[in-house]
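Read the structure below first, then the notes.
The values are calculated or read from the model by the stated rules, or taken from the named source; none is laboratory data. The structure displayed is predicted, hence computed values, not measured ones. As a convention, Cβ positions derive from the backbone with ideal geometry for all residues, glycine included, and neighbour counts pool all protein chains shown.
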Amino acid sequence: MKNQYVIGLDFGTDSVRAVLVNAANGEALASNVQWYKRWKEGKYCKPEENQFRQHPLDHIEGMEASIKAVVSETKVDPAEVKGICIDTTGSSPVPVNEKGEALSLTAGFEENPNAMMILWKDHTSIGEADEINDLARTWGGEDFTKYEGGIYSSEWFWAKVLHIAREDKKVKDSAYTWVEHCDLMTYILVGDGNIDGLKRSRCAAGHKAMWHESWGGLPEDAFLSKLDPYLVELKNKLYTETYTSDVVAGKLNAEWAGKLGLTQDTVVSVGTFDAHSGAVGAEVEEFTLVRVMGTSTCDIIVSSKEVVGDKTVKGICGQVDGSVIPGMIGLEAGQSAFGDVLAWFKDVISWPIDNLIAKSGMLTTEQIDELKGSIIAELSKQAEQTPLNESVPVALDWVNGRRTPDANQALKAGIVNLSLGSKAPHIFRALVEAICFGSKKIADRFTAEGVEIKSVVAIGGVAKKSSFVMQTLSNVMNVPIKVAVSDQAPALGSAMYAAVAAGIYPSMKESLAAMGNGFEKTYHPQPEQVELYAKLYERYNLLGEFVESKINNK
């Protein structure tokens with residue numbers, strides 16, 4: 001095989017990472033991370049109101065800088081870069097004008113959060129999601145939520161668009177259409193000024209926008225009009241057909257070929273979501289649950305159409321033909337907070353550092369950063385040494401609501417069994433166990449709905465960095481968990497898609513076989529811990545039932 005390279009571009013919550021990959025063997029020759037400047041400064045967000053917005057310039061600037069960096073570092077011949085594929089967070093929709101430009105890049109909208117990306121973790125549309133769910137059950141027609149777990153989430157496309165349309169008439173009237181993050185970034189690279197010609201992501205449409213072939217695409221007009229006539233207007237400017245990520249979206253346009261130092265022969269494939277490309281990068285196969293573990297989690301499994309048939313799995317984030325592997329049904333679940341739970345606790349106990357030590361001048365900024373950077377590692381070390389018994393604290397992982405099973409973003413977390421003997425490591429351990437118990441709830445739902453899980457693969461920062469979390473997860477789920485070798489599994493998966501779109505491989509089967517990086521470690525359940533965690537899991541479930549029914553619903 002001649003030198004042929006592909007680029008996977010992975011947009012996460014905090015940063016974008018470009019990885020340049022040798023298509024012959026999946027070797028990552030270079031990677032580059034660009035942090036979102038405005039996001040890092042906390043702009044356009046109101047965490048107390050669950051408002052999380054990102055300025056598209058963070059993503060556009062990061063895309064250019066990261067791709068240029070990996071091309072420059074490797075000094076590859078630009079003509080040998082055959083393909084690019086983009087994966088992003090989602091559902092993270094953006095309002096755009098007729099040219100496909102994000103509204104926040106146009107005059108009058110530069111500082112308007114409603115004209116920016118409505119990030120996946122934004123929960124300002126809880127009320128709109130409730131309306132969608134109520135209507136789906138009562139309007140007398142098709143339940144358009146049934147292939148999305150039967151519960152529509154405030155994290156998803158229609159709820160977010162409806163909320164902004166009601167809150168900001170100027171944005172509503174100025175937006176020609178709305179575009180998912182993965183589709184927008186793809187369009188920027190290949191667009192010709194005709195946003196209507198963009199090939200939209202099957203993954204994004206099916207899992208977040210109630211798109212399904214059985215009813216001809218997006219929900220019918222009669223349903224959408226009962227929510228708001230504006231949604232029918234918008235639907236007419238969206239799409240009917242969707243495409244899997246092994247399909248060519250276009251070739252680099254002249255502007256971006258020039259910016260990146262690449263050629264206009266470079267193919268760009270249809271975009272996707274990070275968790276789904278991560279599952280591809282982790283060599284997903286039937287009966288394997290891939291856990292993409294970062295600030296939140298996505299749990300991905302694929303199944304043959306013969307196994308799933310017409311069954312719908314309740315309480316998950318959807319089942320979509322081709323959203324992971326073309327020709328197979330991709331099923332998605334996940335937790336609204338995973339690493340974020342531990343990061344929240346770190347922020348809580350860092351309060352004296354930020355508000356007393358930092359202001360005292362006793363330590364330099366570098367020393368303070370070093371001190372804060374060691375908190376999680378030290379908590380993990382001491383938490384692991386705390387005795388595990390039935391009198392320990394038990395916590396819920398719902399600090400950002402619950403994604404699955406059974407989406408309810410209004411839920412709040414709780415903790416019980418505290419005493420005067422409860423120290424920071426005890427509470428930290430309870431939070432680690434909580435995120436693991438939440439993971440088990442997801443696996444239990446898949447199993448109860450007839451989707452068999454024979455193995456578990458973990459990817460993401462938490463999987464790589466915390467043996468304490470991973471061993472606890474193996475004990476709680478009572479299953480061996482393999483950790484993928486690649487540090488950039490979503491980007492690698494995107495590169496695998498790009499290799500097929502560019503014609504280097506005939507299908508994803510061959511792409512995965514040639515470019516997979518394998519696994520570096522396996523965590524095995526510890527029998528004595530498994531037994532005790534089974535009892536604590538029962539308490540987690542009881543606490544969850546109490547909080548959901550007696551407190552959060554009041």
For region 1-26, the count of residues that are part of a strand (DSSP E or B) and of a type in the set (Ser, Thr, Tyr) equals 2
Quick count over region 96-108, residues being surrounded by 13 or more Cβ atoms within 10 Å (Cβ to Cβ) and either on the phi > 0 side of the Ramachandran plot or touching a Lys or Arg at 6+ places or on another chain (Cβ under 8 Å) (or both), is 1
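Any chance region 258-269 includes a residue that's among the charged types (D, E, K, R), over 30 Å from LEU162 (Cα atoms) and assigned to a loop (DSSP other than H, G, I, E, B)?
yes
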Subset of region 393-423, residues more than 22 Å from TYR533 (Cβ to Cβ), surrounded by fewer than 21 Cβ atoms within 10 Å (Cβ to Cβ) and small (Gly, Ala, Ser), comes to ALA410
Determine if region 142-161 includes at least one residue that is farther than 21 Å from LYS43 by Cβ, assigned to a helix (DSSP H, G or I), within 18 Å of the chain's Cα centre (by Cα) and without any contact (Cβ under 8 Å) to a residue 40 or more places away in the chain.
yes
Scanning region 173-195 residue by residue, those surrounded by fewer than 19 Cβ atoms within 10 Å (Cβ to Cβ) and at pLDDT 95 or above turn out to be ASP173, SER174, TYR176
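Does GLN471 count as touching a residue at least 60 places away in the same chain (Cβ under 8 Å) and not hydrophobic (A, V, I, L, M, F, W, C)?
Taking the combined requirement at face value, the residue does not satisfy it.
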Just one listed residue, out of GLU332, GLU390, is part of a loop (DSSP other than H, G, I, E, B) and over 14 Å from LEU431 (Cα atoms), and it is GLU390
Scanning region 57-102 for residues that are of a type in the set (Lys, Arg) and part of a loop (DSSP other than H, G, I, E, B), the one farthest from SER245 (Cα to Cα) turns out to be LYS75
- Message: Just checking, does region 131-141 include any residue being under 23 Å from GLU49 (Cα atoms), among the hydrophobic types (A, V, I, L, M, F, W, C) and not in a loop (DSSP other than H, G, I, E, B)?
- Response: yes
